[in-house]
Every structure is written in structure tokens, then in C-alpha cells.
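Read through the structure below, which is laid out as C-alpha cells, and then see the notes.
The values are calculated or read from the model by the stated rules, or taken from the named source; none is laboratory data. These numbers were taken from a predicted model, which means no experiment stands behind them. With ideal geometry, Cβ positions are generated from the backbone for all residues, glycine too; neighbour counts draw on all protein chains shown.
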Amino acid sequence: MTVQMHLIGGLNGGGGRSLTAALLAAGLHLHGRKVLLIRQTYDGAVAMLDPIESTLPLPCCTLMLPMPYVLPAELNAGTTAMIHQNDDRFIIAVHRLAEAEVGDDDADVVIDLCCHERALNAATVHEAALILLPVRASALEIDAAVRGFTHVQHVQRYRSFSAPVLLATIAPDDQRVGQRTLLGSLLRDCDPERDLLPGEPSKLMIDVPFLDNASLLNLIDERPIWRDPDLMAHCRAFATATMAGAEAYVGMMAEHADDF
């Protein structure tokens, strides 16, 4: 079975992961792909009604992040962190669930990761074909996304293949220019030696379709917003731009291979 794992992650709560994951999954589905959306949760998370799962016209599942290993108290902090970073139980469960839900043909699995500190661990990141980090418009949320980007790049630092890491910008049209400018500036500031950036920051940014309050209220009321022709067109375009951005990222990494 050939499964493409698309991770939608981040280090902060309320960053727009769930909606971004749904928009990407819907876009891939509209392109005729076999798609499964998996929502990661964890023990202790607040259970909420999920209007996305109940309205999206494709298979959606929830999968629990395993509890951390119970390790001997005498282990030092570095060894403990290494063990948790390489905990592959969640991604193994994803493969099993994907096989059960979408069969043994090629498929895209979009994984909406929670903001738990163990969600974007090395074992999960190393299985990704694409990693998408949503970015909202406020300075604090942009800073959180930059920290998430830096974390993922460090996790992948010594891999022979690095999954494309793209920043999914979420903002009204009149705020996108300022958002992108600040995001690019912070990315350069956190990487002055260009050790992590494979190209200009703007080439790593993909605009997410922006849903206004009326659309979000319709979604909360479990109305079938995914059938709206304009939203369908935006989802298709978003999926196309994301896959093109991932392909361009791979090309940039090959071009700058000697720099990393």
C-alpha cells in the first residue's frame, strides 16, 4: 500500500490546524484522490462536537496519541527525550487505520495533529510526505508558527530525505501582505546563517482559503458548506498549490543540498 502522509501540525492551540486539514482533504478529494482525514487527540483533551467530521464528504477518524512510556526514574533527561521522540506507536496505528479505511490502493492520509508536545515527534515527522504548519495573522501566532517550523527542520536535520515543510497562511485578503512580510522577517531572524531555509521564505508559504464568520457558523450548524461551488473551487486550488509547493520545496532542497 502506498500512503502519502500529510501532517498538519503546530505547537500552539487554536492555530487553525483542523480547518486547514479539512480544506486540504476536501481539495484532494475533489481532485479524485482517495483521502482519509485523521484527527489526533490525547488523553485529557476536552471532547467537543466536531462539525467538520460530521459534514466532510470523505472518511474521517479520530486516533488517540498513546500515553508516554513509563521510564525508569534514573534515566537522564536526554535519554528520556530521545525515547519519546522515537515513539512510533501513533504512526504505526495510522498505517493500520489507513489500510482498514481506504484499502490497499494509493491514498492520501491527512493527519490533523494535536498541539501536545509529543505530536510532532521524530517518528511521526519521518513518515511524512508533507508537513503543513498553519499560521494565523497575529504576531504571537506567527511567532509560534516560526518556532514550529524551526522544530520540524531540526528534527529532520540529518535525514537523507526531508519532507517539505510549508507554512499555510490564514488571514483575510487585506491582512495577507502584512502577515507574509512579518512571517518572512521572523523566519530570517531565526535562521540568520540560512541553515534551515531551502529558499526565500515567500516560496514556503501557501495561502489557505479564508472562511468568514458566516461560513464558520454554517459549519458549526452542520450545514453542507463543502458543496458550495466557490468553496469547492478554493479547496481544489489550495490542494493544487500545496502539492506544487511541496514539489518546488524538494527542488529547492536539491539545489541547496551542499548548504545543509
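Give the residue, chosen from 93, 98, 123, 128, that is modelled with pLDDT of 90 or more, out of contact with any strand residue (DSSP E or B) (no Cβ under 9 Å at 6 or more places or on another chain) and among the small types (Gly, Ala, Ser).
123
Of the residues that make up segment 81-88, is at least one surrounded by fewer than 17 Cβ atoms within 10 Å (Cβ to Cβ) and among the β-branched types (Val, Ile, Thr)?
yes
Would a scan of segment 1-9 turn up a residue that is within 22 Å of residue 215 (Cβ to Cβ), surrounded by 22 or more Cβ atoms within 10 Å (Cβ to Cβ) and in contact with a Pro (Cβ under 8 Å, 6 or more places away or on another chain)?
Checked against the condition, which is being within 22 Å of residue 215 (Cβ to Cβ), surrounded by 22 or more Cβ atoms within 10 Å (Cβ to Cβ) and in contact with a Pro (Cβ under 8 Å, 6 or more places away or on another chain), segment 1-9 yields at least one hit.
Report, by residue number, each residue of segment 26-35 that is crowded, with 23+ Cβ neighbours inside 10 Å and among the aliphatic types (A, V, I, L, M).
26, 28, 35
List the number of the failed condition for residue 160; all other conditions in (1) part of a helix (DSSP H, G or I); (2) surrounded by fewer than 18 Cβ atoms within 10 Å (Cβ to Cβ) hold.
Just one mismatch for residue 160, condition (1).
Any residue at all in segment 44-59 that is acidic (Asp, Glu) and within 28 Å of residue 216 (Cα to Cα)?
Initial filter on segment 44-59 (acidic (Asp, Glu)): 50, 53.
Filter once more, keeping what is within 28 Å of residue 216 (Cα to Cα): 50, 53.
The answer is yes, given that some residue of segment 44-59 is acidic (Asp, Glu) and within 28 Å of residue 216 (Cα to Cα).
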